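Accompanying notes for the structure given below.
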Amino acid sequence: MASKRKNADVPALTGREKKKQKTTLARTIAVQPATANTSGPSTPSQSAGAGPSRAVHFDPSVNLPGSLDVERFAEARAFEINAMHTAMKTARSNGTQRAWQQLPRHLRRRAASHDVRRVPVRLRDKATAEMDAPKPKKKSAPKQGKEKCKSRTAVFQKRQENKVWLETHLWHAKRMHMQDHWGYRLAESPTEKSYRPSHRASMHGSILHDASYMGLIELQGPEQVLKALLDSCCDPQIASPGAKRFTTGARACDTHLYKREAYPFSLVAPITVLWKPQLRQSTQQTASQSRRKTSKGKGKERESDENALERVVWIWAHPSVFAQVYLELQTAASFALEAVKKGDIVVDGKAEVQIADLREELNVFELMGPKSSQVIQGALKPVIEDGREEFKKCWSELANLQTTASVPRNTVIGFNVYDPRLSFPPKNAKVSVDEGALPSMSQAGSAFFPTPTLAQSDIWAEDVRIPLRKPKFKKKDIDERRSKNLVPGTHLQAQVQDARIPVLLIQRSVEASSASPGTGTHTPAVHGWTLVIPQGWSMAFFSSLIFTGTRVGGQRERQTQAFESGVGHFPRDYPSTSSYDEHSDFRAYEEEDSWERKPPAKRPNYARLGTRSPWKPDWDVVLGVRGAHTDDSTLPGDFVPAQRDMDIDGSDAEPAPPHQQSAATSDRTEDGLSPSLAPWLLRGPETRAVLDAAVGRLDPSFGLFEQIARLREKRKLKPLAHRPEDLYRNALVRVRLRMCGRGCPDDLAMIYGMEDPEAAKWVKATQANCKDAPAVADAEIDLDEESETSIVIPSPESIIGYVTTGNYSLSLGEGFAIGAIPVARFLELQAQAKRLSVGSQPLVKVRDRHEAICRTARIEILE
């Protein structure tokens, strides 16, 4: 039967043949067919035919056209012109395929789009042109608007109107999460997953943190006046900053600042005090010799020499309390000068104290980890002109340090270095171990000792720092000099015009004090160096320090170092300070706002969980200074009315932020009276001894009062005017918490006390799980009892404290936390532990604010 379709006998074309035919047609220019009558008269229809144009007349004498009729010529060639335009348009639309797309499907490979040699020879030229296609040129600004365009520097300065950038800001902004803290734009944490690698670097390698945001204050005046100034407002539990070990300038002093003569109240912040080393110049020697001739007795000679000596002190403080520290130092200086006028302090000549703000004049890098010494020695090159034998010996032994823990604490090393860009790229120094010695042993720690000569540096001189604020040579100038080296890769030799930069190295340790006997709590310490350099040289040193594999950390990494070492971090672990209040208010406002944005099914119901204060710790309630106004209708998570509360005038009442609400009710107590004494924090290396002495008295409040009076008398401060019971009731003490079994406490977790029967049940249930508990032969594990006890939510009245920092400790391999509880509660827990014979560490319960399960933990004093 014949097919009904037309052209059924014609074979069907394949897809490849159709595509080839389409491409051929697109690349073919249409030609007008010739007409039969090409010599006849010119008509409009014939003018479109092929043949010689009749619009051009030739003159046989000159062999050139005599005239040209443009209109008739265009009409005669209209078909050719239209065909050319159509062919160009068709070829352009049909040529959108790349060279790799022209290959058959079975020959297309992803590698061919990156390697021209994977493409057949006939298409390589086209593929090369497609890969090396010229980039589109950027449109240049019009000439009239170039004067109005702002420079890159002006744009960056405008972005710093309400905050300050560090010199390494651009490097950090490309690689780390940035946040605004204390008037600075600081790095919070790296964008990569680096929580565990950063911890490993601090324990086994090296990690760098730019701490140039720390505020620096300079005091200048007579030595005796400065000593009296610092003694009146520094922690008496620690050696005085005016002690001989610190006044020589060989060591830095880490202490805490209080308001003048207010110890133990009004804690401000931890500070670092550094004295300028004494430089015995010829003029000073001549003056001292003349004074010695006129004075009588050796003691008077030494006293006269010290009284007339002008000294300089640098004090580093946290930026959140810089203004407060500056004000307290001014107040203490004015009282010290009043004591000079009264004759209590003897000073030869005119007594003046100058206070200067040196913020942003010095840059500070914290390099922590056991390999920090090798990194510093590989990146820095001391000048050859330094002829101090002590420094040469110290620098030669620096590379052999297995850890800076073998160096005396807070040792100061001062020297001058060449521009680190001249010796870029650096190489870490290698540790050389003597034959027969164990690799873990290091004898370099005893090779040098802190001395004033070793601590001398030109960085103290302002006339040296100011010319160095802007380096003479840019990086491109250094690179151009390096490109001219005959041997590529060799370091540049320092020339006369190259800068010599003065620096300071200060040994830094983040470590907890020795644990109490039998506790078994041994948190590892982190040791390293603090590098102080002049302004303008951050990136030059920063690039060399991180080139050899040193990790860079932000605020999170710096806080983690303190947490893993079992040390409180300022300000989040310092309750009763103004910085802690600001930090907790800001965190409470953010967390409450985030909680309110979530639907009820996706957020914890704090009212049902019995969480009294989910956003910030209520220390006044814990201490009993203020009553807990727990109204179920006001707890977050409960049902809310359908209509919003209305003001008296009928307008909608917007809820105030949490920090404003707390400020409005902080001065009210349960009976309407204001508290007589604000909460204060008992801290310091003698905290355990102070509490042990207080327990020895019949009334612990009198024992604590006597110990505080003893410490105040140590600094010649006036006796306290408060009652012992008020002092005892408002005292807080920081504690470490180690979980007996499972569980990892979070920030703002609640710490509960227990009655003796309940504590006995917990002891029986967790006896085998708790690592520090004494072994009992007939102890039986009752998991059912433990589960039954843990699911019971305690009453809010049994809260005795809060966790300020809690997380999983990578060093201990278990849950760990730092918190605070009242001193009275801690002494009660100690007495309970003694009655139940559970060891030297009392037992408490810990519950996260968003959970209903309680876990047991052991606590000890954090000094």
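The values are calculated or read from the model by the stated rules, or taken from the named source; none is laboratory data. What you see is a predicted model, and the numbers here were worked out from it, not measured in a lab. Glycine gets a Cβ as well: all are built from the backbone with ideal geometry, and neighbour counts include every protein chain shown.
Of note:
- Of the residues making up the range 456-487, those that are without any contact (Cβ under 8 Å) to a residue 24 or more places away in the chain and assigned to a helix (DSSP H, G or I) are Glu462, Asp463, Ile466, Pro467, Lys476, Asp477, Asp479, Glu480, Arg481, Arg482, Ser483.
- Test: Leu170 is hydrophobic (A, V, I, L, M, F, W, C), free of Cβ contacts under 8 Å to residues at least 60 places away in the same chain and closer than 27 Å to Ile533 by Cβ: yes
- Residue match in the range 597-608 (condition: among the basic types (Lys, Arg) and in contact with a Phe, Trp or Tyr (Cβ under 6 Å, 6 or more places away or on another chain)): yes
- Leu748 modelled with pLDDT of 90 or more, outside any loop (DSSP other than H, G, I, E, B) and under 40 Å from the mean Cα position of the chain (by Cα): no
- Within the set Asp573, Asp581, the sole residue that is among the acidic types (Asp, Glu) and in a loop (DSSP other than H, G, I, E, B) turns out to be Asp573.
- Members of the range 531-561 that are under 18 Å from Met203 (Cβ atoms), out of contact with any Phe, Trp or Tyr (no Cβ under 9 Å at 6 or more places or on another chain) and outside any loop (DSSP other than H, G, I, E, B): Arg551, Arg558, Gln559, Gln561
- Which numbered condition Ala689 fails, given (1) at pLDDT 85 or above; (2) loosely packed, with under 15 Cβ neighbours inside 10 Å; (3) assigned to a loop (DSSP other than H, G, I, E, B): (3)
- In the range 227-238, the condition of being closer than 23 Å to Trp529 by Cα, in contact with a His (Cβ under 8 Å, 6 or more places away or on another chain) and either in a strand (DSSP E or B) or modelled with pLDDT of 95 or more (or both) is met by no residue.
- Assessment of the range 363-382 against the conditions (among the aromatic types (Phe, Trp, Tyr), under 37 Å from the mean Cα position of the chain (by Cα) and closer than 29 Å to Phe547 by Cβ) yields at least one matching residue.
- Counted residues, the range 207-223 - those being over 16 Å from Ser334 (Cβ atoms) and at pLDDT below 95: 1
- The range 144-176, residues that are part of a loop (DSSP other than H, G, I, E, B) and either modelled with pLDDT of 90 or more or under 19 Å from the mean Cα position of the chain (by Cα) (or both): Arg159, Gln160, Asn162, Lys163, Leu166, Glu167, Thr168
- Some residue of the range 819-837 being buried (at least 22 other Cβ atoms within 10 Å of the Cβ), touching a Ser or Thr at 6+ places or on another chain (Cβ under 7 Å) and touching a residue at least 24 places away in the same chain (Cβ under 8 Å): yes
- Residue within the range 198-205 that is hydrophobic (A, V, I, L, M, F, W, C), in contact (Cβ under 8 Å) with a residue 40 or more places away in the chain and in a strand (DSSP E or B) present: no
- Residue list for the range 377-405, filter: more than 20 Å from Gln561 (Cα to Cα), among the hydrophobic types (A, V, I, L, M, F, W, C) and touching a strand residue (DSSP E or B) at 6+ places or on another chain (Cβ under 8 Å): Leu380, Val383, Phe391, Cys394, Trp395
- With respect to the stated conditions, Pro136 fails to be in contact with a His (Cβ under 9 Å, 6 or more places away or on another chain) and at pLDDT below 70.
- Scoring Ala333 on the criteria (1) within 30 Å of His527 (Cβ to Cβ); (2) buried (at least 18 other Cβ atoms within 10 Å of the Cβ) leaves a single failure, condition (1).
- Cβ-Cβ contacts under 6 Å between residues 6 or more apart (or on different chains), taken from a first residue in the range 116-143 that is part of a loop (DSSP other than H, G, I, E, B) to a second residue that is at pLDDT 85 or above, are listed as Val119/Ala127.
- For the range 528-545, a residue qualifies if it is crowded, with 20+ Cβ neighbours inside 10 Å and more than 11 Å from Phe365 (Cα to Cα), and the qualifying residues are Pro534, Trp537, Ala540, Ser544.
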